[in-house]
Amino acid sequence: MSIVMRFLLSLLALVTLALPAAAQERAPLVLAAASMQEALTDAADTWAKAGHERPRLSFAASSALARQIAAGGRADLFISADSDWMDDVAKRGLIVAGSRAVLVRNQLVVVSRPGLPRVVATKGAALGKLLGGAPLAMADPDSVPAGKYGREALTRLGAWEAVAPRVVRAENVRAALALVERGAAPYGIVYATDARAATGVQVAGVFPPRSHAPIVYPIARLTAGTSPEAEGFRRFLLSRAGQAILARRGFSTR
């Protein structure tokens, strides 16, 4: 084999190895609330089928993601499960001006293992009596949006003092749901979309919307982002087609 031919083959190998890395650089990295796993995965798959690089999705509690961003973590888009953590990131000057928008909305529910009594959420004190000495699974009410909404609702309904000593604090809403799915807690407080995605649980009650602040999911581009496709994917999620995908997983888009 000639020297020229060996050089060309080596060059081709280097280019081939570089392609996946280049594709990853183009693909937006999205940090999103844990409750959006199925919906965003569906949206990312649809975006990729249209010829774009598939977005890289990272899910966790909104509080953990906001702290990661504040600590200098690089990402292109942030989707929070409440306005507070998006506000925190915005105050630090870490979101692109004009890119923030409400993506979807949600509901708060009580879930349980099948066969357990239903909870009349409008009579919140009944939940404390119903639990007896059993644990209640919740995302951490001190920082995680689902837990904060849950504590607010139970407080307004007059049940928090009775329930608080038995709350099992989970790192995010999906971890709280898993405790109920595994039978580690008879009841849990999660979003309606989490209950819809779960197996082996039932919706035991729905919290009245006025018992807590509106559950909104803001989306914004991050100033540390480098992907040229980030804005396109953000616009897709907010488009009629993107909203339809998210609605199929139970999110409200109005």
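The values are calculated or read from the model by the stated rules, or taken from the named source; none is laboratory data. Note that this is a predicted model, so its numbers are computed, not measured. Here the Cβ positions follow ideal geometry from the backbone for every residue, glycine too, while neighbour counts run over all protein chains shown. Keep in mind that these areas ignore ligands, DNA and RNA; they rest on the heavy atoms of the full protein, side chains included. Shrake-Rupley method; radii C 1.70, N 1.55, O 1.52, S 1.80 Å.
Evaluated with a Cβ-only charge set (Lys, Arg +1; Asp, Glu -1), the chain carries a dipole of roughly 460 debye about its Cα centre, given to the nearest 20. Among 38-47, 84-93, the peptide with the highest mean count of other Cβ atoms within 10 Å heads the list, and the full ranking is 38-47, 84-93. Only protein atoms count toward the accessible area here, which uses a 1.4 Å probe; on the chain, the carbon and sulfur part of that area reaches 56 percent.
Looking at region 44-191, the DSSP beta bridges with both ends there are about 45 percent antiparallel. Distant-in-sequence amide contacts of Gly205, defined by a placed amide H-H separation under 5 Å and a gap of 5 or more residues or a different chain, comprise Val110, Val119.
In the chain, the DSSP beta bridges split such that about 55 percent are antiparallel, to the nearest 5. Note on the chain: Kirkwood hydrodynamic radius from all Cα pairs is 19.6 Å, rounded to one decimal.
3J(HN,Hα) along region 171-179: 6, 7, 5, 6, 5, 5, 4, 4, 4 Hz, from the Karplus curve 6.51 cos²θ - 1.76 cosθ + 1.60 with θ = phi - 60°, whole Hz, x for Gly and Pro. Taking amide H as placed 1.01 Å from N in the peptide plane, the amide H of Ala81 sits under 5 Å from that of Ala33, Ser62, each at least 5 places away or on another chain. Spatial offset of region 156-215 relative to region 56-120 amounts to 17 Å, using the alpha carbon center of each.
Per-residue packing, averaged as other Cβ atoms within 10 Å, sorts the ranges 183-195, 238-250, 163-175 into the order 183-195, 163-175, 238-250, beginning with the highest. Using a probe of 1.4 angstrom and keeping all protein chains present, the accessible surface of region 178-225 works out to 38 square angstrom per residue.
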